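One structure is given below, encoded as structure tokens.
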Amino acid sequence: MTSRGAATRYARALFDVSLAEGKDLAGASAQLNDFARLMTEQDTLGRVLTNPAIPASRKRAVVEQILARAGTLQLSVTKLLLMLAERDRLALVPDVARAFESRLMDHQKVIRAEVATAMDLPADQVAALRQSLVKATGRDVRLATRVEPELIGGAVARIGSTVYDGSISRQLERIKETLTNDAG
């Protein structure tokens, strides 16, 4: 079983249990992300929790101490983190957090979109673009924008794994390809 596959299965199990128990799914996601961030930002902690030379029982003890200091976490999140410690699978936590968040967004009918433009877009154009994407996808859209001057003009939109390239630089590439193919 691949790490990504295992992380997805853990995330799905946590999601299904949390949903069935009527727990705060967004809260569970935030708690998982907080623990994952702690592991990545605290370099020493991350190395200890993912080091195969350190016994799983010691890792569990460290996780128990962290959870005790963290305050009240959802029981299902606590159980998952302790189980991952016992099974020496704490390296999966960041992937579990990402998979859980993805599943939550799907459940909430939310999709991420990213739009790159040659220049900064005014707020009203960003809002109009977001509304167009909501209409096109039938989902709530979390839109991120960024500036890429090399696009020259137009925009490149990425919605999930689909890319819509309406940039001038891409149009120029197509014209070049057409001229090159016609000449040959």
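The values are calculated or read from the model by the stated rules, or taken from the named source; none is laboratory data. These figures come from a predicted structure and were not determined experimentally. Positions of Cβ are backbone-derived with ideal geometry, glycine not excepted, and every protein chain shown enters the neighbour counts.
A quick yes/no check of all residues on (1) at pLDDT 95 or above; (2) not assigned by TED's automatic domain parsing to the domain that holds L19:
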| position | (1), (2) |
| --- | --- |
| F35 | yes, no |
| R60 | yes, no |
| V96 | yes, no |
| S102 | no, no |
| A116 | no, yes |
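This table checks each residue for (1) aromatic (F, W, Y); (2) under 24 Å from A26 (Cα atoms); (3) surrounded by 14 or more Cβ atoms within 10 Å (Cβ to Cβ); (4) out of contact with any Lys or Arg (no Cβ under 6 Å at 6 or more places or on another chain).
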site	(1), (2), (3), (4)
V115	no, no, yes, yes
V126	no, no, yes, yes
L143	no, yes, yes, no
A155	no, no, yes, yes
S161	no, yes, no, yes
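List the residue pairs whose Cβ atoms are under 9 Å apart, where the first residue sits in region 27-42 and is free of Cβ contacts under 8 Å to residues at least 40 places away in the same chain, the second is surrounded by fewer than 16 Cβ atoms within 10 Å (Cβ to Cβ) and among the acidic types (D, E), and the two are 6 or more positions apart or on different chains.
That search, which allows pairs on different chains as well, returns A30/D24.
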